[in-house]
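Asks: This is the structure, below, for whatever I ask next.
We did not get these values from a lab; they are worked out from the coordinates using the rules stated. Here the structure is a predicted model, which is why all the values come from computation and not from measurement. So basically every Cβ, Gly included, is an ideal-geometry build from the backbone, and we count neighbours across all protein chains shown.
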There are 2 protein chains.
Amino acid sequence: MREFLRTKGYKMTPQREMIFRAFFELGEHVTVEELYEKVRKIDPSVGHSTVWRNLKLICEVGLAEEVKMGDGVTRYDRVTRQPHGHFFCTECKSVVEFNVEPIVDIMTTEAAGRNFAPEHFKVEVHGVCAECREKVGRQTARGTSPGIEDDDHATVEERGNTSR
Amino acid sequence: MREFLRTKGYKMTPQREMIFRAFFELGEHVTVEELYEKVRKIDPSVGHSTVWRNLKLICEVGLAEEVKMGDGVTRYDRVTRQPHGHFFCTECKSVVEFNVEPIVDIMTTEAAGRNFAPEHFKVEVHGVCAECREKVGRQTARGTSPGIEDDDHATVEERGNTSR
DNA sequence: ATTGCAATTGAAAATCGTTTTCAATTGTCG
DNA sequence: CGACAATTGAAAACGATTTTCAATTGCAAT
């Protein structure tokens, strides 16, 4: 690893090693917060920005990539695995993966037709997972337009707004 | 429209009407900034937060939805149109759409198998568009051997480059 | 019309995730 | 060993978005 980084013009430091290791020990879809937590359990002196910078670095050297599910939190995914899509549960925030090979094929063809050079594919399905469907009894399944009943995303600890 | 909103418990106001109208006059992938600009050309007294709030409202009543392309800027898309994917050029920030029906079919099947209730699909291809490839001569493509097919309707929308 | 009240507004301040600044420290290479 | 660029930590800066708050304004019931 030290070598790998050196060839790219980066130095190895204790903090960096710790952060890299922690990142790869955490599973998939790691958030900075999670990584930060894990790292400072080992060494509380490691700074906020150092974790950030190194997470970025991991991406820069091609070992991970950002995954944003429009909820404001960026997650980071190792790139070692096959390309994959994500099921995002809007209720419990869980993330499940699925195979996207056939989809990537389609997109590749589509891109070629436009002389567009694809570098990265992103395929997401937002909805409600099996467990949450049971709990909440929500039924927005079919291809119908989502019910726009006001006051959704309940049960989740959102901002405690009650004013107005 | 006034009626439509009233039934949902919202009032119509001059600002609101102006903002709604402006939003629908602007094309696709509208940013708050663009909308704000357009609105305050008509009435400079309209506040920042009012535009924001109403854009959110447009989404809430189901007339538009957020489209985040991982570059920090949220765009808003009318929901009247067919579901579509986005080609996102990392160089010039242009956005081009493509049909995703076959892809949605696959995702729907995939979701059904997991008893996942899909509400929204997001399909993106990030890469370099035809024009930028010529300019920069970049070739970072993967699996794509870009046969120079007919480049048809490429509705390329230039975007002001916002640094970050 | 007049009234009551919740919805709405504008301005400013507050959040939140992320990035940058800066001085001090530490790898790496000659 | 030194020099020097890369790295670090803390704090401040940032940009997008949200909230606060007092003042205003639709709208429904009088």
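Asks: Can you list, shortest first in nanometers, how far B:Arg78 lies from the same residue in the other copies, with each label 7 Å from Cα toward Cβ?
Replies: Distances between equivalent label points, in nm: 4.6.
Asks: Now for a different question. Neighbour counts of other C-beta atoms within 10 Å: give me B:Ile19, B:Ile42 arranged from fewest to most.
Replies: Least to most surrounded, the residues fall as B:Ile42, B:Ile19.
Asks: If you don't mind, another one. Take B:Asp105, B:Asp71 and order them by how many other Cβ atoms sit within 10 Å, fewest up front.
Replies: Ascending Cβ contact count within 10 Å gives the list B:Asp105, B:Asp71.
Asks: Okay, moving on. A:Thr7 to B:Trp52: FRET efficiency via 1/(1 + (r/R0)^6), r the Cβ-Cβ distance, R0 41 Å, to the nearest 0.05?
Replies: E(calc), rounded to 0.05, equals 0.30.
Asks: Another question, then. Taking the beta-carbon count within 10 Å as an exposure proxy, list B:Val73, A:Val79, B:Val96 from fewest neighbours to most.
Replies: Neighbour counts put them in this order, fewest first: A:Val79, B:Val73, B:Val96.
Asks: In nm to one decimal, list the spacings between the A:Pro14 label point and its equivalents in the other copies, with label points set 7 Å along Cα to Cβ, shortest first.
Replies: In nanometres, ordered from closest: 6.6.
Asks: Normalised by the residues of the range A:1-80, what does the relative contact order come to in percent, with Cα pairs under 8 Å and at least six apart?
Replies: Relative contact order, the range A:1-80: 29 percent.
Asks: Still on this model: Name the long-range amide H neighbours of B:Glu97: under 5 Å, sequence gap of 5 or more, or other chain; modelled H, no Pro or chain starts.
Replies: Answer set, sorted by chain and number: B:Phe87, B:Thr155.
Asks: What is the spin-label model distance, in nm, from A:Glu28 to A:Glu134 if the labels are put 7 Å beyond Cα along the C-beta direction?
Replies: 2.2 nm
Asks: Taking θ as phi - 60°, what are the ³J(HN,Hα) couplings along the range B:13-30 by the Karplus curve (6.51, -1.76, 1.60), each to the nearest whole Hz, with x for Gly and Pro?
Replies: Listing the rounded values in order: 9, x, 4, 4, 4, 4, 5, 4, 4, 4, 4, 6, 7, 5, x, 9, 6, 6 Hz.
Asks: Give, as a single signed number, the net charge of other residues whose beta carbon lies under 10 Å from the beta carbon of A:Arg16, with Lys and Arg counted +1 and Asp and Glu -1.
Replies: Taking every other residue near A:Arg16 into account, the sum is +3.
Asks: Would you kindly work out, in nm and rounded to one decimal, the distances from the label point of B:Met1 to those of the same position in each other copy, ordered shortest first, with label points 7 Å along Cα-to-Cβ?
Replies: Spelled out, the distances from B:Met1's label point are 5.6 nm.
Asks: In whole angstrom, note down how far apart the Cα centers of the range A:53-79 and the range B:72-126 are.
Replies: So the separation of the two Cα centres works out to 21 Å.
Asks: Still on this model: Compute the whole-percent fraction of alpha carbon pairs in the range A:1-80 spaced more than 16 Å apart.
Replies: The share of Cα pairs beyond 16 Å in the range A:1-80 comes to 47 percent.
Asks: At 7 Å along the Cα-to-beta-carbon direction for both B:Ser45 and B:Asp71, put a label point, then send me their distance in nm to one decimal.
Replies: 3.6 nm
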